[in-house]
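This report concerns only the one structure given below.
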Amino acid sequence: MRTTDHALDLTLTGKLSATSRQTGLMGVLMSVWRQLRSRNSIGRLRDLDDHQLLDMGLCRHEVREALTSSFFDDAGRHLTQASRNRANTFYRNARLD
């Protein structure tokens, strides 16, 4: 029996080994830990004043939206996208002047 046939038989049984279950659980826990750490870091942005936030391309409203979004949404990605949109708008308007 070849290795590919053996691997095919394992996937058809529907049973996961203890190692793969543990790996899957660790992946979920690490993902939750990253989300909590990211939201904690974003929470610190509330301590900055409006000028400091604007230097990063953000406004207070966007930080609040990121923190109140669903837990499973990536709040950091939301802020990155908001900052990029603000920069694109700025440079698009600068070209028109």
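The values are calculated or read from the model by the stated rules, or taken from the named source; none is laboratory data. Values in this document were obtained by computation on a predicted structure and should not be read as measured data. In this analysis, Cβ positions are derived from the backbone assuming ideal geometry, glycine residues included, and neighbour counts consider all displayed protein chains.
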Quick check: is even one residue across the stretch 26-44 part of a helix (DSSP H, G or I), among the hydrophobic types (A, V, I, L, M, F, W, C) and modelled with pLDDT under 75?
no
Within the bounds of the stretch 71-82, is there any residue that is surrounded by 11 or more Cβ atoms within 10 Å (Cβ to Cβ) and more than 12 Å from the chain's Cα centre (by Cα)?
yes
Can you find a residue that is at pLDDT 90 or above, not in a helix (DSSP H, G or I) and not aliphatic (A, V, I, L, M) anywhere in the stretch 10-18?
no
Just one of LEU58, LEU54 is modelled with pLDDT of 85 or more and not in a helix (DSSP H, G or I); which is it?
LEU58
Scan the stretch 66-75 and tell me whether some residue there is small (Gly, Ala, Ser), out of contact with any helix residue (DSSP H, G or I) (no Cβ under 8 Å at 6 or more places or on another chain) and at pLDDT 75 or above.
yes
